[in-house]
Amino acid sequence: MPRALITGITGQDGLYLSELLLDKGYEVYGLIRGQNNPKADLVARTVPGVEVLTGDLTDMSSLLRALRVAAPDEVYNLGAVSFVAYSWEQASLTTEVTAKGVLNLLEAVRLYSGDDAGKVRFYQASSSEMFGKVQQVPQNEGTLLWPRSPYGVAKVFGHYITINYRESYGMHASSGILFNHESPRRGPEFVTRKVSTAVASIELGRQDKIVMGNLDARRDWGFAGDYVDAMWRMLQQPEGGEFVVSTGETHSIRDLLTAAFAVVGIDDWERYVEQDKRFFRPAEVDLLVGDATRAREVLGWKPTVDFAGLVSMMVEADLQRLKRGER
């Protein structure tokens, strides 16, 4: 039975990846920060087959303890301070967790593996936010990185230190450059869930409007459940590498609003939307769209959920959640 250790297991990717690995017969361990983490119950309810370990990406000793207990064949580093807007408010914390945390985990894996560099296969969750002020459209594995947020800068460090450890120590280490991927499990602070929740609330008469920032920013949105499959496929390859994971389609925030309101039969959505400059980024990333040719050709991966299907899935899930009286 293969064994896997996942950091960031309380996030949407961690939950979907856990389900995928459990279905494949893995023994799965999840790292959770703090003994009283309020999200521990979420993991227990959603993926009861996961064994939870406590640890912190900023604490090397806790990572080594987790590795000794889990004895993993594969480590998936999904842990990060992942909300881009928050990274300007907490740039130092974002750097400690999202950048230096990758180094800590790689070093812990290296020390744990000893002379057998390939003992543990390592996955790093890189991000399309690394492209930032895009220098090429669409973006692929060779596109120049030009991050536009503390989060993006931290992810660039994590990306390159993963490459460095592979090249320096012979580790099987891969980075998935994941473009925006969403689901009903996405945190409410992210724009897709903000929209899907607001549309559901407006449909149920519990909310009058939604306040948004830049409506012209464009993103490449896919389904998180599809993207974790690409993560797993990377670690099944004979050697590590970098892979863009994306749909290859770009949509604006306006497109997102149009699709979301259409789910509840509202065409004139503009009357429910206000813009507020407080929600604009200090440095905006205007156009992200990925070229996942390498992932298709090498990994045999492709997305299964399109943009309209993703938005519908999220709005319908929030409608049902609110009808049940859940927060």
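Residue-wise test of (1) more than 18 Å from L106 (Cβ to Cβ); (2) not small (G, A, S).
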{"site": "T7", "(1), (2)": "no, yes"}
{"site": "T10", "(1), (2)": "yes, yes"}
{"site": "Y16", "(1), (2)": "yes, yes"}
{"site": "L22", "(1), (2)": "yes, yes"}
{"site": "L31", "(1), (2)": "no, yes"}
{"site": "P38", "(1), (2)": "yes, yes"}
{"site": "G49", "(1), (2)": "yes, no"}
{"site": "T54", "(1), (2)": "yes, yes"}
{"site": "D59", "(1), (2)": "no, yes"}
Looking at T98, T94, which one is in the same structural domain as T58 (by TED's automatic domain parsing), among the β-branched types (V, I, T), over 16 Å from L64 (Cα atoms) and in contact with a Pro (Cβ under 7 Å, 6 or more places away or on another chain)?
T94
Residues that are modelled with pLDDT under 95, not in a loop (DSSP other than H, G, I, E, B) and not hydrophobic (A, V, I, L, M, F, W, C), drawn from segment 66-94:
Y86, S87, E89, S92, T94
What number of residues within segment 19-48 are polar (S, T, N, Q), assigned to a loop (DSSP other than H, G, I, E, B) and in contact (Cβ under 8 Å) with a residue 24 or more places away in the chain?
1
Flagged in segment 105-148 as polar (S, T, N, Q), part of a loop (DSSP other than H, G, I, E, B) and within 22 Å of M231 (Cα to Cα), in numbering order, are N140, T143
In segment 1-56, the residues that are among the β-branched types (V, I, T), more than 19 Å from G101 (Cβ to Cβ) and surrounded by fewer than 19 Cβ atoms within 10 Å (Cβ to Cβ):
T46
Quick check on W301: is it touching a helix residue (DSSP H, G or I) at 6+ places or on another chain (Cβ under 7 Å) and either at positive phi or assigned by TED's automatic domain parsing to the domain that holds P147 (or both)?
no
Look at segment 127-167 and say how many of its residues are within 18 Å of N77 (Cβ to Cβ) and of a type in the set (A, V, I, L, M).
6
Determine whether segment 220-238 contains at least one residue that is surrounded by fewer than 15 Cβ atoms within 10 Å (Cβ to Cβ), in contact (Cβ under 8 Å) with a residue 60 or more places away in the chain and closer than 30 Å to K24 by Cα.
yes
Odd one out for S183, checked against (1) under 18 Å from the mean Cα position of the chain (by Cα); (2) buried (at least 24 other Cβ atoms within 10 Å of the Cβ):
(2)
For E242, are the conditions met, namely being in contact with a strand residue (DSSP E or B) (Cβ under 6 Å, 6 or more places away or on another chain) and of a type outside the set (S, T, N, Q)?
yes
Determine, yes or no, whether S149 is touching a residue at least 12 places away in the same chain (Cβ under 8 Å), under 18 Å from D291 (Cβ atoms) and either in contact with a helix residue (DSSP H, G or I) (Cβ under 6 Å, 6 or more places away or on another chain) or not assigned by TED's automatic domain parsing to the domain that holds Q237 (or both).
no
Is it the case that segment 72-88 has a residue that's closer than 26 Å to G25 by Cβ and aliphatic (A, V, I, L, M)?
yes
Restricting segment 255-285 to residues that are crowded, with 17+ Cβ neighbours inside 10 Å and under 22 Å from F83 (Cα atoms), the residue that is modelled with the lowest pLDDT
V285
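The values are calculated or read from the model by the stated rules, or taken from the named source; none is laboratory data. Computed from a predicted structure; not experimentally measured. A quick note on method: Cβ atoms are made from the backbone with ideal geometry, for glycine too, and the neighbour counts reach across all protein chains shown.
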